[in-house]
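Worksheet for the structure shown next.
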Amino acid sequence: MGFLELVSRRQSCRKYLDRPVDRGQIERCLEAARLAPSACNSQPWRFVAVQDPALKEKAARAAFSGIFQMNAFAREAPVLVFLIRERSKYAARMGGQVRGVQYNLIDLGIAGEHFILQATEEGLGTCWIGWFNERAVKKVLGLPWHVKVDLVISLGYSAEEGLREKSRHGIGDMSEVR
């Protein structure tokens with residue numbers, strides 16, 4: 001499919017089928033993320049894809065309990081992918097300080113979107129999740145305290161039928177060509 005069709009098919013999925021995701025599909029999504037550009041080629045990311053049912057359930061329970069309950073739908077997903085932000089290269093950090101921009105967050109977003117677009121190409125549903133219990137996730141996954149887990153992507157076969165109509169600003173409202 002063409003790129004515009006691909007991005008028009010991407011939508012946030014909040015209902016998943018009870019169907020495992022093939023490891024090869026996950027690896028292709030990770031490869032797409034690996035190929036993402038980053039400031040000064042820092043590649044300040046690490047992805048932890050959890051598909052083992054017992055560990056995934058434990059991580060989901062930790063991530064989406066209590067005040068984070070609104071994202072409990074992600075427990076249904078057969079895979080949870082945790083996006084970990086790492087330090088950028090020195091030049092990117094210094095340039096970011098001068099400009100007041102955290103390039104490693106931008107880079108993580110680009111890599112995450114590469115992951116999600118490949119998942120869409122694979123026929124999988126995803127949802128970006130930023131509201132979760134990071135401390136509990138780090139404990140379950142055995143990650144050190146100083147690591148920053150910024151995002152979770154739920155991944156699996158969508159149980160939702162068809163595409164929803166997208167509510168987006170018009171192209172003239174969000175851009176101009178000079």
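The values are calculated or read from the model by the stated rules, or taken from the named source; none is laboratory data. Given the structure is predicted, the values throughout are model-derived calculations rather than measurements. Here the Cβ positions follow ideal geometry from the backbone for every residue, glycine too, while neighbour counts run over all protein chains shown.
Structure above, values below:
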{"quantity": "Residue list for region 141-167, restricted to those being in contact (Cβ under 8 Å) with a residue 12 or more places away in the chain and hydrophobic (A, V, I, L, M, F, W, C)", "calculated": "141, 143, 147, 149, 151, 152, 153, 155, 159, 163"}
{"quantity": "Complete set of residues in region 106-149 that are under 24 Å from residue 19 (Cα atoms), outside any helix (DSSP H, G or I) and of a type in the set (D, E, K, R)", "calculated": "122"}
{"quantity": "Selection count where residues are modelled with pLDDT of 95 or more, in a loop (DSSP other than H, G, I, E, B) and among the aliphatic types (A, V, I, L, M), scope region 1-25", "calculated": "2"}
{"quantity": "Search result, residues across region 74-105 that are of a type in the set (Lys, Arg), assigned to a helix (DSSP H, G or I), at pLDDT 90 or above and surrounded by 15 or more Cβ atoms within 10 Å (Cβ to Cβ)", "calculated": "75"}
{"quantity": "Residue count for region 135-153, restricted to those that are in contact with a Lys or Arg (Cβ under 8 Å, 6 or more places away or on another chain) and either under 25 Å from residue 73 (Cβ atoms) or loosely packed, with under 14 Cβ neighbours inside 10 Å (or both)", "calculated": "6"}
{"quantity": "Residue within region 33-55 that is in contact (Cβ under 8 Å) with a residue 12 or more places away in the chain, surrounded by 13 or more Cβ atoms within 10 Å (Cβ to Cβ), in a helix (DSSP H, G or I) and within 15 Å of the chain's Cα centre (by Cα) present", "calculated": "yes"}
{"quantity": "Residue 92, sole failed condition from (1) out of contact with any Cys (no Cβ under 8 Å at 6 or more places or on another chain); (2) under 22 Å from residue 147 (Cα atoms)", "calculated": "(1)"}
{"quantity": "Enumeration of residues in region 134-150 that are out of contact with any strand residue (DSSP E or B) (no Cβ under 8 Å at 6 or more places or on another chain), of a type outside the set (D, E, K, R) and closer than 16 Å to residue 50 by Cα", "calculated": "136, 140, 142"}
